[in-house]
Amino acid sequence: MVIEFEKKVIKARFRNPNLNFEVDEQIIEHRKDPLLGRLSLIPHELKKKASFYYGTPDKRALKKSVESSRALCYFCPEKIDQATPKFLPEISQEGRFKVGKSTCFPNIFPFYKHCAVVTVTDAHYVPLKEITPELYGDAIKAGVEFIKQAYKFDNEAIYPLIGANFLIPAGSTIVHPHIQVLLGPEEIYRVKLLREASLKFKQTTGKNYWEELMLEEQKRGERYIIQTGEIHWYTPFAPLGNNEVRAIIPNKSNLLQLSDEDITYLGEGISKILHYYHKKNISSFNFLLYSAPLTDSDHSGAFSVGFQIISRPPYRSFYINLDAWFLQQLAYGSLIIEFPEKIAEDLREYF
Ligand SMILES: [Zn+2]
């Protein structure tokens, strides 16, 4: 085996006031990401504290926010045609890309050279349990079509990225379900790290890291979930975020190589994960779909298009970001509540 799943079991000792100041010993797992070495900290006792801190979603506050934001929403069908921007004719004659119920248009506050938003549905809000396989599948198809046309028009824009923020605990200011699609001449740091580490792995071992990882995960069976179409679904050994699930699409380096079938399976997998999240009382999430540059359709056989999704704190009447403090934001570490092996075990029932 060339992939190392490196972990250390650490014991933290202190005198606990709840035990009459007797010495208490708590177990923490420190796990290293096998490719990047990033540390995930999984304290065995954290679940107790997490439920105390996080609490449960405030359903009344969410309902109020959904209702009060509906009348002014630019993404709802009554306003979308008049209120959202259109692409230059070089990118789209019609000005927008539509697939199923999704519509892709330029972000009115761009932060990338080509910066688009795709509404996932006509409905202003959809509870996670009602997300169908078509919703995110169609939105990603519309986003990929935008990337294809923007790249034809501007061949210096070679770095694509697709992501989602669902509700305010995930950083979204807009309730209406949508994804963001970026394409520009500069690469985002983490994708660069993944790509360069994958190439280095290939150069030093002669093997494709992602293929090796999937073989190893399938063999161990602890975190591997299932293969749907060409896509492998699994939970990561050292998660970046809570309830994290990842997917790999082998033999596809960049987003434009994805077939309609690949994206259909991706949308189906996303809906299953969101149904699982709903069951766990989770209402907010982020996901990322990353790619090699569009100029690169092989990447020396070292890299695959990948997807990752994490849960975010429950919806409350005020903004909370209990999972994004100095450890995650500045020190690039992760604090994880549930073991990835348990998440994979539970998720198998949803696929
Ligand atoms: Zn809306």
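Structure above, values below:
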quantity	calculated
Some residue of the range 127-149 being closer than 19 Å to F307 by Cα, outside any helix (DSSP H, G or I), touching a residue at least 12 places away in the same chain (Cβ under 8 Å) and within 18 Å of the chain's Cα centre (by Cα)	yes
Search result, residues across the range 161-204 that are surrounded by 19 or more Cβ atoms within 10 Å (Cβ to Cβ) and of a type in the set (F, W, Y)	F166, F201
Odd one out for D58 among (1) within 19 Å of R316 (Cα to Cα); (2) within 16 Å of the ligand (Cβ to nearest atom); (3) in contact with a Phe, Trp or Tyr (Cβ under 7 Å, 6 or more places away or on another chain)	(2)
S102 of a type outside the set (F, W, Y) and over 21 Å from the mean Cα position of the chain (by Cα)	no
Given (1) part of a loop (DSSP other than H, G, I, E, B); (2) buried (at least 23 other Cβ atoms within 10 Å of the Cβ), index of the condition L289 fails	(1)
Segments classed as strands (runs of 3 or more DSSP E), wholly inside the range 1-106, with at least 3 members that are exposed (fewer than 14 other Cβ atoms within 10 Å of the Cβ) and at pLDDT 95 or above	7-16, 22-32
Residues being more than 16 Å from the ligand (Cβ to nearest atom) and surrounded by fewer than 24 Cβ atoms within 10 Å (Cβ to Cβ) - total across the range 115-137	6
Scan of the range 300-314 for residues that are within 20 Å of H232 (Cβ to Cβ) and in a loop (DSSP other than H, G, I, E, B), ordered by number	A302, F303, S304
Condition check for V181: closer than 30 Å to A123 by Cα, part of a strand (DSSP E or B) and in contact with a helix residue (DSSP H, G or I) (Cβ under 6 Å, 6 or more places away or on another chain)	yes
Members of the range 138-172 that are within 16 Å of the ligand (Cβ to nearest atom) and in contact with a strand residue (DSSP E or B) (Cβ under 7 Å, 6 or more places away or on another chain)	A139, A164, N165, F166, S172
Candidate set from the range 48-80 (those that are of a type in the set (F, W, Y) and under 30 Å from I28 (Cα atoms)); member that is nearest to the chain's Cα centre (by Cα)	Y54
Members of the range 173-214 found to be within 16 Å of the ligand (Cβ to nearest atom) and in contact with a His (Cβ under 8 Å, 6 or more places away or on another chain), listed by number	V175, H176
Out of S317, S297, sole residue that is outside any helix (DSSP H, G or I), among the polar types (S, T, N, Q), touching an Asp or Glu at 6+ places or on another chain (Cβ under 7 Å) and modelled with pLDDT under 95	S317
Scope the range 247-281; condition touching a Pro at 6+ places or on another chain (Cβ under 7 Å) and assigned to a loop (DSSP other than H, G, I, E, B); matching residues	N254, N281
Single condition A302 does not satisfy, out of (1) buried (at least 21 other Cβ atoms within 10 Å of the Cβ); (2) in contact with a strand residue (DSSP E or B) (Cβ under 6 Å, 6 or more places away or on another chain)	(2)
Cross-chain or 6+ apart pairs with Cβ under 9 Å, the range 68-93 first and under 22 Å from I147 (Cα atoms) and without any contact (Cβ under 8 Å) to a residue 40 or more places away in the chain, then within 9 Å of the ligand (Cβ to nearest atom) and in a helix (DSSP H, G or I)	none
Residues that are at positive phi and free of Cβ contacts under 8 Å to residues at least 24 places away in the same chain, drawn from the range 163-212	G206
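The values are calculated or read from the model by the stated rules, or taken from the named source; none is laboratory data. Since the model is a prediction, treat every value here as computed from it, not as a measurement. Counting neighbours? That spans all protein chains shown, and the Cβs are built from the backbone with ideal geometry, glycine included.
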